[in-house]
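Questions regarding the structure given below will be posed in turn.
The values are calculated or read from the model by the stated rules, or taken from the named source; none is laboratory data. Keep in mind that what you see is a predicted model, and the values were worked out from it rather than measured. Here the Cβ positions follow ideal geometry from the backbone for every residue, glycine too, while neighbour counts run over all protein chains shown. We work out accessible area using only protein heavy atoms, side chains counted, and drop any ligands, DNA or RNA first. Shrake-Rupley method; radii C 1.70, N 1.55, O 1.52, S 1.80 Å.
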Amino acid sequence: MVRQQNGIKNDIILKFIFLGVIILFLSIIVVGQIMHLQSIDPKKWENDIITVKEVPVEPSRGDICARDGRILATSMPSYKIRWDLSVPSDTIFKANIDTLSKLMSGLFGTCSAEDYKKEFIEARKNKDKYHKVCDRATVLQITKLKEFPIFKLGRYKSGLITELEYTRNKPHKNLATRTIGFLIQNKKNVGLEGAFNDLLTGRSGWKIMQKISSGDWYPISTFDDNGQVEPEDGCDIISTIDVTIQDLAEINLRKQLMSHNAKHGTVIVMEVKTGKIRAIANLDRKPDSTYAELYNHAVGTRSVPGSTFKLATLLVALEKGIVDIYDTIDTGEGTYTIGDFTITDDHKGGLGKISVAKAFASSSNVAFAKIVREGFKDAYSIYCDRLCAMHLNECTNIEIPGEVKPFIKSPDSREFEWTRVTPAQMGIGYELELTPLQVLTFYNAVANDGLYLRPTLLEAIRKQGKIISRSEPEIVGASICSRETIKKAQKLLQLVVDSGTAKNLKSPNYKFAGKTGTAQIAKDSDGNKSYQASFVGYFPADNPKYSCIVVISSPTEISYYGNSVAGPVFKAIADKLYASDYDIQRNKEFNLSKREDICVTPSTQIGEKVVLDRVFSTLNIQVENANEATTKYIFTRQDSEHKALELNPIANSAKGLVPNVVGMGAKDAVYNLEKHGIKVSINGRGTVKRQSVIPGTKITSGMKIVLDLG
């Protein structure tokens, strides 16, 4: 009995020992695995255990638009295409690779079908899981690609990987490219893109993604669930840029730069009453002698303004009572010597004794050097302080980055050397530096009866299609000087064009005001001089709508004077805007009795009767409707005395017959034909001269017709 009990007891002990050994062994394995995961390879553990994560969702960047809403810069979706060639089975890959390669070659056109096939076979052999197919594919290309063999099986059977990204696109190409700007990683951003980056960028969102068995991440809920945040797209920036004026400025600037082989040039057009910039063009000469926008000289390049600064000297002298416009100044033989330094006039033999008005119109250096040096004598700080009071020592604070601060000397400053020549030099625009925009803003204040407006490139901010804010004219301080002084300055600026240095620019159709400038900006070791030609002013002179500055640096051909180099660009822009701007023409009185050609009744093209009736009524042209035309489209016939128009209706085409569109404009012709189901092709421009199918021909299904315009 005792032996039996001892045997049972021993069995139990053995079982406990065996169980203990197993538990100890398992414990060692668990501890070892824990140590391995925590100490030997913790990152692998973290990656394997994390199956849910928050992923940022980037918003769509806002557009930059012209004043009329036309897009200047927008974000276009594009795709990176990659292929995990380890995914398709051997059977699927071998059966479809030939067809796929042919279709890929046709879609992208970068490689032949044979090259695509070799590339894909090699990548599959190397088990490439992220093979590059294309870096920038369009939405349409992606749509077609997903219908190709293998890829139509879907992401997880084909291995096709598409990654959406946005690229910035400028529909108008290089138009105002530096003003529109761009973003540079880890560097200062440029133009409107940089100035309004926060508004354009919007706000990122986030969503929850879950890792699935394939190792890919998949969204597990919508933005409305679990507190996830949908991205907030960026706002649109409506700029003040007028595409038509910008194009006009760039075309005329480029033409003049090329004809004078100049180094670079700038044109700015500003609206006088608002300070809104309608155009800002900057062109630099490249090594191949072509021109492109490489730098925004309008805001970032400071230089001596030369004679255009004489307006500032004039205002200070008038305001302080140093001179009046009819006072006389003795300019002698056109030289003014201060120690060993001589200031000269560009007039052979000098101008002698002349009025201040004549000195300004003739741009006499001697006269304005004397006004400052002798008029202010030992009180030069008064002159400098008054310049500062007119904001000439301040940045304009335009929105885009890169503006440099003006350089204006002062006798009280220890930072810059002040010599006995300095006052005379400052009086004629030397020993100081301004940007083209700073000079124009000052002239714009004179055109605006003394109101100094902050220039702006921002028209409005738009969010989700709605305008949320608009820019308003910002007046900086009080008037730059008295109204009496302003009126005198305006009179002399017009005198410059009427009978002064810019009389070659005078227009018989309207008056404009401005000032020429020719400044020496450099001199090399061989004694060769470089000049800067400029013209700045406003138009029309009696009721200014626009102010404009043209600066051309280092012209090397023909001439370097402001009136012959920069002035023609100003005039070309002014002429075009004056002729085409309705606001300028609206209040103008026309004396038609002196224009015999206007009294001749104009000829007309075939068009809609309701439109022609409205035109004739507006122009007060008498019309006789001999046939009581009731058709939509009509043509007109002039009587022998050209005093009236007789309307003749176009016969309505019978239903199912080709209409007669000869004589119509392209728009009306295409409309009339396509409404009958006819496909139309057009050659040339103008009105329809010939149609390939005879009018009255029976219309058939799929009929095509070719229109020759001329």
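Looking at the structure I just gave you, is V661 within 19 Å of I634 (Cβ to Cβ), open to solvent by less than 30 Å² (accessible area, probe 1.4 Å) and assigned to a strand (DSSP E or B)? First the steps, then the outcome.
Numbers: within 19 Å of I634 (Cβ to Cβ): yes; open to solvent by less than 30 Å² (accessible area, probe 1.4 Å): yes; assigned to a strand (DSSP E or B): no.
No; evaluated as a whole, the condition is false for this residue.
Considering (1) at pLDDT below 95; (2) under 18 Å from V304 (Cα atoms), say which one S364 fails and leave the rest.
Single failed check for S364: (1).
If a residue has to be surrounded by fewer than 22 Cβ atoms within 10 Å (Cβ to Cβ) and part of a loop (DSSP other than H, G, I, E, B) to count, how many in segment 310-341 make the cut?
Here the count works out to 13.
Collect the residues in segment 468-511 that are within 32 Å of the chain's Cα centre (by Cα), within 13 Å of V446 (Cα to Cα) and open to solvent by less than 10 Å² (accessible area, probe 1.4 Å), keeping them in residue-number order.
Answer for segment 468-511, where residues must be within 32 Å of the chain's Cα centre (by Cα), within 13 Å of V446 (Cα to Cα) and open to solvent by less than 10 Å² (accessible area, probe 1.4 Å): I480, L493.
Which ones in segment 684-703 are over 14 Å from G656 (Cα atoms) and assigned to a strand (DSSP E or B)?
Residues of segment 684-703 that are over 14 Å from G656 (Cα atoms), as a first pass: 684-692.
Of everything in segment 684-703, those that are over 14 Å from G656 (Cα atoms) and assigned to a strand (DSSP E or B) turn out to be T687, V688, K689, R690, Q691.
Can you pull out the residues in segment 75-122 that are open to solvent by 70 Å² or more (accessible area, probe 1.4 Å) and closer than 30 Å to C65 by Cα?
Result: M76, single match.
Which residues, taken from segment 452-465, are modelled with pLDDT of 95 or more and more than 20 Å from the chain's Cα centre (by Cα)?
If the condition is that a residue be modelled with pLDDT of 95 or more and more than 20 Å from the chain's Cα centre (by Cα), then Y452, L453 are the ones that fit.
Which residue pairs have Cβ atoms closer than 6 Å, lie 6 or more positions apart in sequence or on different chains, and pair a first residue in segment 191-206 that is in contact (Cβ under 8 Å) with a residue 40 or more places away in the chain and surrounded by 20 or more Cβ atoms within 10 Å (Cβ to Cβ) with a second residue that is assigned to a helix (DSSP H, G or I) and aliphatic (A, V, I, L, M)?
Final answer for the pair search is G191/I180; L192/I180.
If you scan segment 285-309, which residues turn out to be surrounded by fewer than 18 Cβ atoms within 10 Å (Cβ to Cβ), without any contact (Cβ under 8 Å) to a residue 40 or more places away in the chain and either in a strand (DSSP E or B) or touching a helix residue (DSSP H, G or I) at 6+ places or on another chain (Cβ under 9 Å) (or both)?
Across segment 285-309, the qualifying residues are S289, T290.
Need the failing condition index for G69 against (1) at positive phi; (2) in contact with a helix residue (DSSP H, G or I) (Cβ under 7 Å, 6 or more places away or on another chain), just the number.
Here G69 clears every test but (2).
Could you tell me which numbered condition I150 fails, if it satisfies all but one of (1) at negative phi; (2) in contact (Cβ under 8 Å) with a residue 60 or more places away in the chain; (3) not aromatic (F, W, Y)?
Unmet for I150, out of (1) at negative phi; (2) in contact (Cβ under 8 Å) with a residue 60 or more places away in the chain; (3) not aromatic (F, W, Y): (1).
Which number in (1) out of contact with any helix residue (DSSP H, G or I) (no Cβ under 9 Å at 6 or more places or on another chain); (2) in contact (Cβ under 8 Å) with a residue 12 or more places away in the chain; (3) open to solvent by less than 60 Å² (accessible area, probe 1.4 Å) marks the one condition that P436 misses?
Unmet for P436, out of (1) out of contact with any helix residue (DSSP H, G or I) (no Cβ under 9 Å at 6 or more places or on another chain); (2) in contact (Cβ under 8 Å) with a residue 12 or more places away in the chain; (3) open to solvent by less than 60 Å² (accessible area, probe 1.4 Å): (1).
Being in contact (Cβ under 8 Å) with a residue 60 or more places away in the chain, within 30 Å of T240 (Cβ to Cβ), surrounded by fewer than 24 Cβ atoms within 10 Å (Cβ to Cβ) and of a type in the set (K, R): is that true of K276 here?
Working: in contact (Cβ under 8 Å) with a residue 60 or more places away in the chain: yes; within 30 Å of T240 (Cβ to Cβ): yes; surrounded by fewer than 24 Cβ atoms within 10 Å (Cβ to Cβ): yes; of a type in the set (K, R): yes.
Taking the combined requirement at face value, the residue satisfies it.
Going through segment 489-503 one residue at a time, which ones are under 17 Å from F309 (Cα atoms) and part of a helix (DSSP H, G or I)?
So in segment 489-503, the residues under 17 Å from F309 (Cα atoms) come out as 489-497, 500-502.
A489, Q490, K491, L492, L493, Q494, L495, V496, V497 - these are the residues of segment 489-503 that are under 17 Å from F309 (Cα atoms) and part of a helix (DSSP H, G or I).
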